[in-house]
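The values are calculated or read from the model by the stated rules, or taken from the named source; none is laboratory data. Given the structure is predicted, the values throughout are model-derived calculations rather than measurements. Cβ: placed from backbone, ideal geometry, glycine included. Neighbour counts: every protein chain shown.
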Amino acid sequence: AAHNPKEHFIHLDDFTKEELWEMLNRAQEVKKAIVSGDRSFTPFKGKTMAMIFSKPSLRTRVSFETGFHLLGGHAIYLGPDTIDLGKREAIKDISRVLSRYNDIIMARVFSHDHIIELADYASVPVINGLTDYNHPVQILADALTILECSGKLEGIKVVYVGDGNNIVHSWLRLAAVMPIDFVCCCPEGFEPDSATVERAREGGVSSITISHDPYEAVKGADYIYGDVWASMGQKEEAEAREKLFMPLQINSALMEHAGPDCRFLHCLPAERGRECTDEVVEAPYSVVFQQAENRMHAQNAVMLKLLGC
Ligand code: CP
Ligand code: NVA
């Protein structure tokens, strides 16, 4: 049976602009309490979360596990060697078994079809913790970071420079419902999925540009956003891509070209010397660790919404 998208968190534009704002506001409210040291809000008491990882992770694993724990719950890490998704056991069986033990499932998988299949068979909410296609919790956290830094989202110009990958697809799906000015600057042949670009344009609320010239693209940018040139599952292509992508390196010259108020975002992990320089990551305009911290707060808000707390 097909799942109801709003019971899960798989794509940002499964939710309306109002619902996304509700999550961003909740994230800010719960962040305030957590940062102040207040541990009295424990809506997940007595609840458990199963976390499936078919790929490595630092931020996603630790932020979900810590966030769920801070709000009173218990999270269980299931790494690649534990369940061997789809090989040791069918995804539809894993989904139904975990639904019998756990209140919520979070999964990081290769194929996007696998997260859809998990949701189709689950009787509890499923959260997408990254697929080869998208990374919605990351971009919700990025929106929270922009909101904190700029005081607004509307009309903000975000210029992503690099591979047209899962991060870009989530930006496009945010742009389908939230009015922003989004530019993806990538080498020719590394554009994001064209159906996803179309979908964002059809949303009719944002300006969407695909560019191949980084110096042209970053003009007037409020944020320049970086990600690895070879994603998980493509690491054997890293060397071959390096030459082709080097003109798109986010370095001090590119940041300066964008202007003095432009900030630097990166989902991390960063490969210094490839998509960005050490200088840029360490600069005062870099907000990458605030961004990483906000993973936890944005995800807490997602879990609170899905669990009706
Ligand atoms: N940004 C992000 O998702 O990091 P991890 O791969 O470490 O979880
Ligand atoms: N595009 C990267 C994001 C890592 C958080 C990857 O998929 O490996």
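Identify the residue in region 121-148 that is outside any loop (DSSP other than H, G, I, E, B) and more than 17 Å from M178 (Cα to Cα) and, among all such residues, is nearest to ligand 2 (Cβ to nearest atom). Steps first, answer last, please.
Taking region 121-148 first, the residues outside any loop (DSSP other than H, G, I, E, B) are 121, 126-128, 136-148.
Cutting the leftovers down to more than 17 Å from M178 (Cα to Cα) gives us 121, 126-128.
Working: Y121: 25, V126: 19, I127: 15, N128: 12 Å.
Of everything passing the filter in region 121-148, N128 is nearest to ligand 2 (Cβ to nearest atom).
Give the residue that is nearest to T145 (Cα to Cα), with candidates limited to residues of region 266-289 that are within 16 Å of ligand 2 (Cβ to nearest atom) and in contact with a strand residue (DSSP E or B) (Cβ under 9 Å, 6 or more places away or on another chain). Working first, answer last.
First, pick out the residues of region 266-289 that are within 16 Å of ligand 2 (Cβ to nearest atom): 266-272, 274-276, 281, 288-289.
The next check asks that each one be in contact with a strand residue (DSSP E or B) (Cβ under 9 Å, 6 or more places away or on another chain); those that pass are 266-267, 270, 275-276, 281, 288.
On the way: H266: 11, C267: 11, A270: 18, E275: 21, C276: 20, V281: 16, V288: 9 Å.
Checked region 266-289; the qualifying residue nearest to T145 (Cα to Cα) is V288.
May I ask you to list the residues in region 84-105 that are among the hydroxyl-bearing types (S, T, Y) and either crowded, with 19+ Cβ neighbours inside 10 Å or modelled with pLDDT under 95 (or both)? Lay out the reasoning, then the answer.
Of the residues in region 84-105, the ones among the hydroxyl-bearing types (S, T, Y) are 95, 99, 101.
Selection gives S95, S99.
Which residues, counting only those in region 43-83, are surrounded by fewer than 13 Cβ atoms within 10 Å (Cβ to Cβ) and not in a helix (DSSP H, G or I)? Walk me through it before giving the result.
First, pick out the residues of region 43-83 that are surrounded by fewer than 13 Cβ atoms within 10 Å (Cβ to Cβ): 45-46, 56, 58, 81-82.
Selection gives K45, G46, P56, L58.
Residues that are at negative phi, touching a Leu at 6+ places or on another chain (Cβ under 7 Å), outside any strand (DSSP E or B) and touching a residue at least 60 places away in the same chain (Cβ under 8 Å): does region 188-198 have at least one? Spell out the reasoning first.
Start the filter on region 188-198 by keeping residues that are at negative phi, which leaves 188, 190-198.
Next, only the ones that are touching a Leu at 6+ places or on another chain (Cβ under 7 Å) stay: 192, 196-197.
Okay, now just the ones that are also outside any strand (DSSP E or B), so 192, 196-197.
Imposing the further condition that a residue be touching a residue at least 60 places away in the same chain (Cβ under 8 Å) reduces the set to none.
Within region 188-198 (the criterion being at negative phi, touching a Leu at 6+ places or on another chain (Cβ under 7 Å), outside any strand (DSSP E or B) and touching a residue at least 60 places away in the same chain (Cβ under 8 Å)), the answer is no, since none of the residues qualifies.
Could you grab the pairs with beta carbons closer than 8 Å, sequence gap of 6+ or different chains, first residue in region 113-141 and polar (S, T, N, Q), second one within 12 Å of ligand 1 (Cβ to nearest atom) and in a loop (DSSP other than H, G, I, E, B)?
From region 113-141, the pairs are N128/N134; N128/H135; Q138/L130; Q138/C267.
Among all residue pairs at least 6 apart or on different chains, which show Cβ distances below 8 Å where the first residue, located in region 161-181, is assigned by TED's automatic domain parsing to the domain that holds A200 and in a loop (DSSP other than H, G, I, E, B) and the second is more than 16 Å from ligand 1 (Cβ to nearest atom) and among the acidic types (D, E)?
G164/E191; G164/D193; A176/D13; A176/E202; V177/D13; M178/E154; P179/E154; I180/E154
Taking P247 and the conditions (1) closer than 20 Å to F190 by Cα; (2) within 16 Å of ligand 2 (Cβ to nearest atom), which numbered condition does it fall short on, given that it satisfies the others?
(2)
Can you name every residue in region 38-53 that is within 12 Å of ligand 1 (Cβ to nearest atom) and either outside the structural domain of N128 (by TED's automatic domain parsing) or not aromatic (F, W, Y) (or both)? First the steps, then the outcome.
Pass one, region 38-53, residues within 12 Å of ligand 1 (Cβ to nearest atom): 51, 53.
Listed by number, the list holds a single entry, M51.
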